[in-house]
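The values are calculated or read from the model by the stated rules, or taken from the named source; none is laboratory data. Note that the structure is a prediction, hence the values are computed from the model and not measured. Here Cβ is always computed from backbone atoms with ideal geometry, including for glycine, and neighbour counts include all displayed protein chains. Accessible surface areas use protein heavy atoms only, side chains included; no ligands, DNA or RNA. Shrake-Rupley method; radii C 1.70, N 1.55, O 1.52, S 1.80 Å.
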Amino acid sequence: EEGEECRMDLGCVSWQENGVARKRRFLVSCGIGYDAAVCAEVLSSKMKRYLNRLGLGKFTYLGIGLKRMLAAEYAKASLRLDKEKTVHLRRMLFTACMLHRFEGGGFCFCPQADAKDGLLDLCVVDGVPKWKFPVIIPFALRGKHFRFRGVTPYRASRIDIRTDAPLWIQT
């Protein structure tokens, strides 16, 4: 209604790039690892522009996602939640940090996310064999992917992620 105040959470991701501190805010989600690598390639894809004209742009994510799965590398990482609990990941494929339930391509990575609760919801994929990921990902369209071992939800107001190698980040 007119004159009514509405508040939403705003996320902020910061990182070091070539010794320079970087920062970017987000309203929907940010991710690190496989999902961010897919997004990076989609942004420069001629296929996306073509499929968008046909109303089929979502298929770009599917095609590039399958291609990237073959080249995906696992990373060792640690998640520090609210400066208290630390979770060690040995074979992280990606971590999606969400303020909303859905992100690109209609994936419901964090079905409990609420843009007004002051918390980030996480979907962490760690230790999932590459061959199994294409089986799991369709379940993420409906938020049913946490039933699989290696796909874990977390929630915190602050998340610090450290990886053993540089990874793509997306917002």
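For segment 70-89, filtered to residues that are closer than 17 Å to I32 by Cβ and either hydroxyl-bearing (S, T, Y) or outside any strand (DSSP E or B) (or both), the residue that is most open to solvent (accessible area, probe 1.4 Å) is E73. Filtered by the rule that a residue be touching a residue at least 24 places away in the same chain (Cβ under 8 Å) and surrounded by fewer than 17 Cβ atoms within 10 Å (Cβ to Cβ), segment 11-34 gives W15, R24, R25, L27, V28. Give segment 121-151 a look and list any residue that's free of Cβ contacts under 8 Å to residues at least 12 places away in the same chain, closer than 15 Å to L62 by Cα and in contact with a helix residue (DSSP H, G or I) (Cβ under 8 Å, 6 or more places away or on another chain), or say none. Within segment 121-151, just F139 meets the criteria. For segment 78-92, the tally of residues that are touching a residue at least 24 places away in the same chain (Cβ under 8 Å) and closer than 11 Å to T163 by Cα stands at 6.
May I ask you to verify whether Y50 is under 16 Å from the mean Cα position of the chain (by Cα) and not acidic (D, E)?
When the stated conditions are applied, Y50 does not pass them.
On the basis of being aliphatic (A, V, I, L, M), out of contact with any strand residue (DSSP E or B) (no Cβ under 6 Å at 6 or more places or on another chain) and touching a residue at least 40 places away in the same chain (Cβ under 8 Å), does L62 make the cut? Judged against the criteria, L62 is a match. Among the residues that make up segment 35-53, is at least one of them open to solvent by less than 100 Å² (accessible area, probe 1.4 Å), hydrophobic (A, V, I, L, M, F, W, C) and touching a Leu at 6+ places or on another chain (Cβ under 9 Å)? Yes, some residue in segment 35-53 is open to solvent by less than 100 Å² (accessible area, probe 1.4 Å), hydrophobic (A, V, I, L, M, F, W, C) and touching a Leu at 6+ places or on another chain (Cβ under 9 Å). Among the residues of segment 90-119, those identified as of a type outside the set (F, W, Y), open to solvent by less than 30 Å² (accessible area, probe 1.4 Å) and touching a strand residue (DSSP E or B) at 6+ places or on another chain (Cβ under 8 Å) are M92, L93, T95, A96, C97, M98, L99, E103, C110, A113.
Considering only residues that are crowded, with 17+ Cβ neighbours inside 10 Å and of a type outside the set (V, I, T), which ones fall in segment 120-145? Hits for segment 120-145 are L120, D121, L122, C123, D126, F133, A140, G143, H145.
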